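To start, the structure itself, in structure tokens.
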Amino acid sequence: MGRFDEKVVIITGAARGQGEAEARLFASEGAKVIIGDVLDAEGEAVAGDIGTAARYVHIDVSSESDWAALIASAIEFGGRIDVLVNNAAVIRPSAIEDTTLEQYMAVININQVGCFLGMKSVMPAMREAGGGSIVNISSIDGMSSKNGLISYTASKFATRGMTKTAAMEWGRYGIRVNSVHPGGVNTVMGNPINHPALETVPYANQAIARIGYPNEIANAVAFLASDDASYITGTELVVDGGWLTGRIEPGLPGASDPDPTSAYNA
């Protein structure tokens with residue numbers, strides 16, 4: 001018996017990386033999974049590998065009509081909707097003065113508008129089913145920021161805020177809404193050149209001195225989506241290896257290594 005037996009789960013951006021890990025985990029725990037993405041070949045391959053418990057549906061998350069088609073497909077596939085994971089996102093680093101409005105809105109439309117449309121689209125089916133769980137993937141950049149991330153940070157702060165509004169409005173219908181805030185994750189977004197040094201060196205001064213892995217984010221998402229989190233809503237689960245907690249300062253008492261780069265230069 002799995003935590004998601006007889007449940008129907010929608011995951012966007014699930015053709016690869018973090019979303020794929022989430023899809024595989026939910027399916028392994030009994031769910032019927034709708035894999036939403038624009039990467040058709042990859043999405044079909046993941047669904048095919050999972051088997052009869054998964055279906056791939058093409059979706060541009062910024063399109064209201066695409067959401068309507070996905071919801072219809074999910075209900076036809078499983079008869080209901082129990083969980084939505086708004087995972088689809090893009091990142092396009094650029095200095096503010098070099099960012100055009102078109103470039104800015106391209107990120108906002110996927111990361112922020114896509115999250116809004118996803119929540120709005122699943123709400124009627126979840127309400128009819130007597131409740132459900134929505135997990136919105138934000139970021140540590142939805143709680144802090146870095147230079148060069150004006151559009152990404154704006155969208156992830158918005159995701160964090162929209163999560164709280166939805167939690168307040170829909171709790172009475174048994175719908176819980178929470179956000180997950182990953183740090184670096186070893187995916188195409190987090191390690192685009194797939195270089196081993198990028199799994200460690202940028203994280204040398206955080207408490208857990210490595211990048212995160214997709215299954216670690218998937219486990220956090222599944223917890224919030226499950227009945228194990230039945231009294232949790234409107235909250236933020238940070239999964240960042242301690243990045244936001246603070247930075248270890250070499251040479252000060254308590255530093256495990258006076259030169260945190262030495263382990264990576266051996």
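Points worth noting:
- Degrees separating the helix 114-129 axis from the principal Cα axis of the chain, which is the longest one: 40
- Protection proxy ranking of 158-164, 205-211, 227-233, by the mean of other Cβ atoms within 10 Å over each peptide's residues and highest first, is 158-164, 205-211, 227-233.
- The stretch 111-266 - Debye-derived log10 I(q)/I(0), Cα point model, q = 0.09, 0.16 Å⁻¹: -0.35, -0.92
- Helix 64-78 vs. the chain, principal-axis angle (Cα, 0 to 90°, nearest 10): 70
- Stokes-Einstein translational diffusion, the chain - Kirkwood Rh over all Cα pairs, 1.567 mPa s, 4 °C, in µm²/s: 68
- Stokes-Einstein diffusion coefficient of the stretch 1-55, Kirkwood radius over Cα pairs, 4 °C, 1.567 mPa s, in µm²/s: 123
- With Rh defined as the Kirkwood radius, the inverse of the mean 1/r over Cα pairs, the Rg/Rh of the stretch 100-188 is 1.03.
Laboratory data are not the source of any read-out in this text; all were calculated from the coordinates shown. Being a predicted model, the structure only gives us computed values, none of them experimental. Ideal geometry is used to build each Cβ from the backbone, glycine not excepted, and the neighbour counts take in all protein chains shown.
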